[in-house]
Amino acid sequence: MRDWNAERVAEAAEARLLLPEDGIGDTMTGPRGPERVVIDSREAGPGALFIGLPGANVDGGTFAAAALDAGAWGVLVGSDYAAAEPALAAPGVVLVAEDPLAALQRLARAWRRELGAKVIGVTGSTGKTSTKDLLLAILAPHRRTVASRENRNTEIGLPLEILGAPAGTEVLVLEMGMRGAGQIAELAAIAEPDVAVVVNVGTAHLELLGSVEAIAAAKAELIAALPVLGTAVVPADEPLLAAHLRADVTTVTFGPSGDVRLEDTDGERLDIDLAGAPVTLEFPFTQPHMRLNLLAALAAARAVGVVPRGRIDAVISAGRGERRQLPGGVTLIDDCYNANPISMHAALDDLVAGAAPDRRLVAVLGDMLELGPRAREFHLEAGRDADRLGVGLLVTVGPLAEAMATVFTREAHSVTDAAQAAALVPSLLREGDLVLVKGSHGVGLEAVCRALTAQAAA
């Protein structure tokens, strides 16, 4: 937004310009508009527009004066700070809005329109971050592409990612998370997607939404937001989404019976039917769920005019199945970012797939949260899966996960929290173990991964 002066920023955000630019617009002394948008006043140096968002304990607007003192291009604060003009007298732009978060979202939508980029929205009960990462790997060699970083998929993170896209961006890949009905619709109203990818529909957030049908309806808000002639990418033969498909958009299915499907494999070599066009790729991930995510990403890339060839080298976000080699032949599978019944089953399958028969499989599994009244049932199923698949050592973390150990027939330990697990697990491992660490983000199992890595470095 370097070319947007204060008046244009205010108009886009539907905010009131409280103070003049005080020389900011002079192209001889600096850019006319902000170079970046931040919500942390510690990042609000020269060129930054600091937006003071209200929080549960502290209103970010209280840091506006400090942001200006640090040389920020300007600040956007709530109307409560309009009376604080003397405290905001440092050089810089001051914008005032009744709701700073809504102003941030309006500003992001205006910048999305200014970019004119194609926007791909990605949601799903599991796998959306990996699919987003794969899309970036597929698109980046062909289009100037920006994808959401980490898990910035909320009503705050998503607009900040849009505003971080530089002029000239051709494709925006935006992950969209949710905690309840209406939240995907809110994000889609900001992003205005051209392509909607629903990776899958599962039981994540069942406690909040009550049924898988309600979860499907919430995910399908992304499809409802598409323009006429947009593209919806959905799993083949998913009955939960059938009622939400639209006749006025192009629907592309992926999976074994889909428009985009895997025809043949030979190690890393994949032969794919891409909606009638044969494509051969090299793909280093052998896990079935990663290959399924790849099909979804290929369908979305095709919708914006990109058909890749050759090798797809993707950098998958941390905590999503990354494998690390530790001393003593131990392999750590760090899948601790989040968990639900679908992803837990997939992770256990991945643990077993390709493992040498004589290698001990270790699963450190934490609570799966937000599953509602069926939570114990889902945890029992995970325990049975681990037992059936031949896991040799199970460590459960948290009160819900303890149910897994009750149906597990081999060595098992149950602890109450991640700190206890981090202290216990390193002492249980043997040379050559293959170790999966997985649980909901709130359990904090990254502490276990840190403990194992630290022990390896010692």
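The values are calculated or read from the model by the stated rules, or taken from the named source; none is laboratory data. In this text, all values refer to a predicted model and were calculated from it rather than measured experimentally. So basically every Cβ, Gly included, is an ideal-geometry build from the backbone, and we count neighbours across all protein chains shown.
Across region 263-273, a minimum of one residue is classified as more than 21 Å from the chain's Cα centre (by Cα) and hydrophobic (A, V, I, L, M, F, W, C). Just one of the listed residues (Ala181, Ala97, Ala137, Ala188) is in the same structural domain as Ala10 (by TED's automatic domain parsing), in contact (Cβ under 8 Å) with a residue 12 or more places away in the chain and surrounded by fewer than 24 Cβ atoms within 10 Å (Cβ to Cβ), namely Ala97. Of everything in region 105-153 that is hydroxyl-bearing (Ser, Thr, Tyr) and touching a helix residue (DSSP H, G or I) at 6+ places or on another chain (Cβ under 9 Å), the residue that is nearest to Ala10 (Cα to Cα) is Ser148.
Against the conditions (1) outside the structural domain of Glu370 (by TED's automatic domain parsing); (2) in a strand (DSSP E or B); (3) at pLDDT below 95; (4) of a type in the set (D, E, K, R), where does Asp334 fall short? Just the number, please. For Asp334, the failing item is (1). Name every residue in region 343-360 that is surrounded by fewer than 21 Cβ atoms within 10 Å (Cβ to Cβ) and more than 24 Å from Val212 (Cβ to Cβ), in order of residue number. Correct list: Val352, Ala353, Gly354, Ala355, Ala356, Pro357, Asp358, Arg359, Arg360. Of the residues that make up region 371-381, is at least one free of Cβ contacts under 8 Å to residues at least 40 places away in the same chain, farther than 20 Å from Ile215 by Cβ and either surrounded by fewer than 17 Cβ atoms within 10 Å (Cβ to Cβ) or in the same structural domain as Phe285 (by TED's automatic domain parsing) (or both)? Yes, some residue in region 371-381 is free of Cβ contacts under 8 Å to residues at least 40 places away in the same chain, farther than 20 Å from Ile215 by Cβ and either surrounded by fewer than 17 Cβ atoms within 10 Å (Cβ to Cβ) or in the same structural domain as Phe285 (by TED's automatic domain parsing) (or both). Residues considered: Gly392, Gly398. Of these, the only one that is modelled with pLDDT of 95 or more, among the small types (Gly, Ala, Ser) and more than 27 Å from the chain's Cα centre (by Cα) is Gly392. Filtering region 340-359 to residues that are part of a helix (DSSP H, G or I) and either modelled with pLDDT of 90 or more or under 16 Å from Phe285 (Cβ atoms) (or both) leaves Pro341, Ser343, Met344, His345, Ala346, Ala347, Leu348, Asp349, Asp350, Leu351, Val352. For Glu21, the requirement of being among the acidic types (Asp, Glu), modelled with pLDDT of 90 or more and in contact with a helix residue (DSSP H, G or I) (Cβ under 9 Å, 6 or more places away or on another chain) is not met.
Test Val448 against the criterion of being touching a residue at least 40 places away in the same chain (Cβ under 8 Å), of a type outside the set (Phe, Trp, Tyr) and outside any helix (DSSP H, G or I), and give yes or no. Considered against the rule, which asks whether it is touching a residue at least 40 places away in the same chain (Cβ under 8 Å), of a type outside the set (Phe, Trp, Tyr) and outside any helix (DSSP H, G or I), Val448 comes out as no. The residues on offer are Leu270, Leu241, Leu226, and the sole one that is assigned by TED's automatic domain parsing to the domain that holds Glu192, outside any helix (DSSP H, G or I), among the hydrophobic types (A, V, I, L, M, F, W, C) and over 18 Å from Val307 (Cα atoms) is Leu226.
Can you tell me which residue is surrounded by the fewest Cβ atoms within 10 Å (Cβ to Cβ) among those in region 277-329 that are of a type in the set (Lys, Arg) and under 20 Å from Pro235 (Cβ atoms)? Going through the qualifying residues, I end up with Arg291.
Put simply, of Thr265, Thr250 the only residue that is in the same structural domain as Ser125 (by TED's automatic domain parsing) and closer than 17 Å to Val304 by Cα is Thr250. Within region 346-360, residues that are outside the structural domain of Gly202 (by TED's automatic domain parsing) have Cβ atoms under 7 Å from residues that are surrounded by 15 or more Cβ atoms within 10 Å (Cβ to Cβ) and among the polar types (S, T, N, Q) in these pairs: Asp350/Gln287; Ala353/Gln287, counting only partners at least 6 apart in sequence or on another chain. Residues of region 402-445 being hydrophobic (A, V, I, L, M, F, W, C) and part of a helix (DSSP H, G or I), which ones? Ala403, Met404, Ala405, Ala418, Ala419, Ala421, Ala422, Ala423, Leu424, Val425, Leu428, Val443, listed by residue number. For Arg179, the conditions (1) over 19 Å from Trp4 (Cα atoms); (2) modelled with pLDDT under 95; (3) touching a strand residue (DSSP E or B) at 6+ places or on another chain (Cβ under 8 Å) are fulfilled apart from (3).
Evaluating Ser317 against the criteria (1) in a loop (DSSP other than H, G, I, E, B); (2) without any contact (Cβ under 8 Å) to a residue 24 or more places away in the chain leaves one unmet condition, (2).
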